[in-house]
1. Quick check on this structure: which one of Asp182, Asp146 is out of contact with any Pro (no Cβ under 6 Å at 6 or more places or on another chain), among the acidic types (Asp, Glu), farther than 27 Å from Ala231 by Cβ and assigned to a helix (DSSP H, G or I)?
2. Those residues that are out of contact with any helix residue (DSSP H, G or I) (no Cβ under 6 Å at 6 or more places or on another chain), more than 21 Å from Ala16 (Cβ to Cβ) and touching a residue at least 40 places away in the same chain (Cβ under 8 Å), I need them from the stretch 202-223; list them, please.
3. Could you please find all residues in the stretch 211-250 being basic (Lys, Arg) and either surrounded by 21 or more Cβ atoms within 10 Å (Cβ to Cβ) or more than 23 Å from Arg272 (Cα to Cα) (or both)?
4. When you scan the stretch 148-200, how many residues do you find that are acidic (Asp, Glu) and in contact (Cβ under 8 Å) with a residue 40 or more places away in the chain?
5. Taking the condition outside any strand (DSSP E or B), closer than 21 Å to His93 by Cβ and touching a His at 6+ places or on another chain (Cβ under 7 Å), does Leu156 pass?
6. Looking only at the stretch 242-281, count how many residues are in a strand (DSSP E or B) and either of a type in the set (S, T, N, Q) or closer than 21 Å to Ala16 by Cα (or both).
7. Read through the list (1) β-branched (Val, Ile, Thr); (2) in a loop (DSSP other than H, G, I, E, B); (3) at pLDDT 95 or above, then give the number of the only condition that Val3 fails.
8. Where residues in the stretch 10-37 are without any contact (Cβ under 8 Å) to a residue 40 or more places away in the chain and under 14 Å from Thr219 (Cα atoms), which of them is surrounded by the fewest Cβ atoms within 10 Å (Cβ to Cβ)?
Amino acid sequence: MTVPPLNPANLLSPEARRLIDNIHRAQRAPLHTLGVAQARAFYETGSSILDLPPAEVGRVEPLHLKARDGHRLAARLYAPAQVSHPPVLLYLHGGGFTLGSLATHDGLCRQLCLHGHCAVVSLDYRLAPEHRFPTAVYDAWDGLQDLKARGLSLGLDTSRLAVGGDSAGGTLACVCALMARDAGLPLRLQLLMYPGTTAHQDTDSHQRFGKGFLLDRETISWFFAQYIDVAQRTDWRFAPLRAQEHGGLAPAWVELAECDPLVDEGIDYADRLRAAGVQVDLEIYRGMIHGFVTMGRALAPARQAHQDAGLALQKALAGP
């Protein structure tokens with residue numbers, strides 16, 4: 001008997017399916033059909049609707065980190081209550097290198113602070129198309145170095161330092177971990193949430209989930225066009241799988257969504273790290289879609305992912 005091919009939509013959890021159906025019924029225009037300013041506004045609005053209400057943390061403070069060209073990068077510090085010199089995570093938000101801000105990931109950073117028992121510094125790196133590749137890479141790396149250097153003055157213990165991010169921010173976190181290894185800057189953890197790691201959209205999951213799962217192929221192509229020239233896409237700072245050597249990197253906690261165009265390249269990256277001797281914890285959240293971790297109002301697995309990420313941070317950042 002011939003077994004019919006699996007319909008990828010059948011992998012969706014009931015709550016993810018309801019969310020997608022509700023968005024389709026609202027007849028929202030795809031991001032790639034909007035102008036950049038309109039797409040950013042839409043992304044901000046969506047994050048406020050789908051993410052959890054802001055949780056209370058001990059303190060929230062604005063700060064700035066220094067980029068190599070003298071630009072002052074806006075950042076936001078979240079710190080737990082009554083903890084002297086907590087360890088810290090530098091967080092890099094998603095949004096295809098084009099969208100996203102301190103505001104869109106405020107809820108997530110608060111959850112990571114609470115569950116991780118650590119400080120979180122969210123960095124507002126510069127976005128494309130105003131600032132194309134490799135500006136975001138430079139900003140992320142410069143921000144990490146400045147945070148490391150200024151930890152004591154900020155009331156942080158940057159001898160216990162992690163870097164993390166989701167989607168495009170996860171890509172930047174991968175790159176920062178590689179650069180930190182080469183520069184001798186010690187990291188306790190790289191927290192990678194569905195990162196992009198390949199040069200092109202050529203994995204099987206880009207075909208399986210490239211239409212009808214919120215992050216469509218056309219939108220990914222639009223993001224890439226805003227950020228980087230086609231000829232530059234084999235640069236490992238855009239596609240970390242193409243780095244020559246992955247040994248000696250900080251341990252990785254990798255969070256992936258099953259119904260995500262990026263899931264295969266996330267698995268490939270975790271496998272590459274393991275093959276190079278890097279400690280890797282891989283969590284694949286079944287039935288989930290790209291971006292789910294900032295959809296805690298609608299998707300219960302997002303709330304579980306917050307707890308799981310927090311536990312990974314606690315373990316990695318514990319001790320002297």
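The values are calculated or read from the model by the stated rules, or taken from the named source; none is laboratory data. For clarity, every value in this text was computed on a predicted model and none was experimentally measured. Using ideal geometry, Cβ is built from the backbone for each residue, glycine included, and neighbour counts are taken over all protein chains shown.
1. On the way: Asp182 fails: farther than 27 Å from Ala231 by Cβ.
Testing whether each residue is out of contact with any Pro (no Cβ under 6 Å at 6 or more places or on another chain), among the acidic types (Asp, Glu), farther than 27 Å from Ala231 by Cβ and assigned to a helix (DSSP H, G or I) leaves just Asp146.
2. Ser221, Phe223
3. Taking the stretch 211-250 first, the residues basic (Lys, Arg) are 211, 217, 233, 237, 242.
Once the filter is applied, which keeps residues that are basic (Lys, Arg) and either surrounded by 21 or more Cβ atoms within 10 Å (Cβ to Cβ) or more than 23 Å from Arg272 (Cα to Cα) (or both), the stretch 211-250 yields Lys211, Arg217, Arg237.
4. Of the residues in the stretch 148-200, the ones acidic (Asp, Glu) are 157, 166, 182.
The next check asks that each one be in contact (Cβ under 8 Å) with a residue 40 or more places away in the chain; those that pass are 157, 166.
So the count comes out to 2.
5. On the way: outside any strand (DSSP E or B): yes; closer than 21 Å to His93 by Cβ: yes; touching a His at 6+ places or on another chain (Cβ under 7 Å): yes.
For Leu156, the condition - outside any strand (DSSP E or B), closer than 21 Å to His93 by Cβ and touching a His at 6+ places or on another chain (Cβ under 7 Å) - is met.
6. Step one: of the stretch 242-281, the residues in a strand (DSSP E or B) are 252-259, 280-281.
Applying the additional criterion that residues be either of a type in the set (S, T, N, Q) or closer than 21 Å to Ala16 by Cα (or both) yields 254-259.
Number satisfying all stated conditions: 6.
7. (3)
8. Residue satisfying both the conditions and the ranking: Gly35.
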